[in-house]
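Trainee: Dropping the structure in here first, questions after.
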Amino acid sequence: MTESDLFLPGSICILHSLGDDRQVARRLAQMGILPGSRLRIVRAAPLGGTLEVASDQGELFALRREEMAGLDCRLVAAPLTSPAIRPGQTCTVLSLEGGRAFRQRMTEKSLRPGSRIRIGEPGTHGLLVSDAATGATIALGRGEAARIIVGLTPGGTPE
């Protein structure tokens, strides 16, 4: 997994080890963040700043990018804009990270949690996906694609 995969808001990883930095490992362990924990990137500060991370216990905390990069994590979910998502692959939509109007608009386009979609080629303004069940093509803008979180298999590839 590359840093760019992990640092996108909405990315979820499972922590395998706390890494080699003992100070960071001790701080995370004191907060109850241990191997096996699920971590979700809530937001990333601009210009290489910190990451706001949510644990599976509901805690929010900040980590520097280099601290997060030092953790041994396996990516299990990512937004459609992630480099881990490639054209031609089929994924399952896990969540729609937007407000009520966004979720309603995506539902009208037949995108909802549990939907299976096939990833198309990225265009100049967004991404084309197709409903795996019906084959209907759905055009998404970059902003919309960034708020659609899809599941990944253990190897880090879409399901």
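The values are calculated or read from the model by the stated rules, or taken from the named source; none is laboratory data. Predicted, not measured: the structure shown is a model, and the values here were computed from it. Cβ placement follows ideal geometry from the backbone for every residue including glycine, while neighbour counts extend to all protein chains displayed.
Trainee: Restricting attention to region 48-55, does a residue exist that is outside the structural domain of residue 141 (by TED's automatic domain parsing), small (Gly, Ala, Ser) and free of Cβ contacts under 8 Å to residues at least 12 places away in the same chain? It would help to see each step written out before you state the result.
Mentor: Going residue by residue through region 48-55, those that are outside the structural domain of residue 141 (by TED's automatic domain parsing) are 48-55.
Subsequent filtering for residues that are small (Gly, Ala, Ser) retains 48-49, 54-55.
Okay, now just the ones that are also free of Cβ contacts under 8 Å to residues at least 12 places away in the same chain, so none.
No, region 48-55 contains no residue that is outside the structural domain of residue 141 (by TED's automatic domain parsing), small (Gly, Ala, Ser) and free of Cβ contacts under 8 Å to residues at least 12 places away in the same chain.
Trainee: Which of the residues that make up region 36-76 are closer than 25 Å to residue 96 by Cβ, of a type in the set (D, E, K, R) and surrounded by fewer than 17 Cβ atoms within 10 Å (Cβ to Cβ)?
Mentor: 38, 43, 52, 56, 59, 74
Trainee: Any chance you could count how many residues in region 99-132 are part of a loop (DSSP other than H, G, I, E, B) and either touching a residue at least 40 places away in the same chain (Cβ under 8 Å) or more than 17 Å from the chain's Cα centre (by Cα) (or both)? It would help to see each step written out before you state the result.
Mentor: Initial filter on region 99-132 (part of a loop (DSSP other than H, G, I, E, B)): 99, 109-115, 123-125, 132.
Now restrict to residues that are either touching a residue at least 40 places away in the same chain (Cβ under 8 Å) or more than 17 Å from the chain's Cα centre (by Cα) (or both): 99, 109-110, 123-125, 132.
Number satisfying all stated conditions: 7.
Trainee: Please go through region 84-110 and give me each residue that is under 17 Å from residue 9 (Cα atoms) and of a type in the set (Asp, Glu), ordered by number.
Mentor: The answer is 97, and nothing else.
Trainee: With in a loop (DSSP other than H, G, I, E, B) and either under 22 Å from residue 121 (Cα atoms) or modelled with pLDDT of 85 or more (or both) as the only criterion, which of 32, 88, 48 stands out?
Mentor: 88
Trainee: Now for a separate question. For region 56-64, indicate whether the set of residues that are at pLDDT 90 or above, within 18 Å of the chain's Cα centre (by Cα), hydrophobic (A, V, I, L, M, F, W, C) and within 21 Å of residue 142 (Cβ to Cβ) is non-empty.
Mentor: no
Trainee: Another question about this same structure. Among the residues of region 64-85, count how many are touching a residue at least 24 places away in the same chain (Cβ under 8 Å) and assigned to a strand (DSSP E or B). Before the answer, list the steps.
Mentor: To start, the set of residues in region 64-85 that are touching a residue at least 24 places away in the same chain (Cβ under 8 Å) comprises 65, 67-85.
Still in the list and also assigned to a strand (DSSP E or B): 72-79.
Summing the residues that are touching a residue at least 24 places away in the same chain (Cβ under 8 Å) and assigned to a strand (DSSP E or B) in region 64-85 gives 8.
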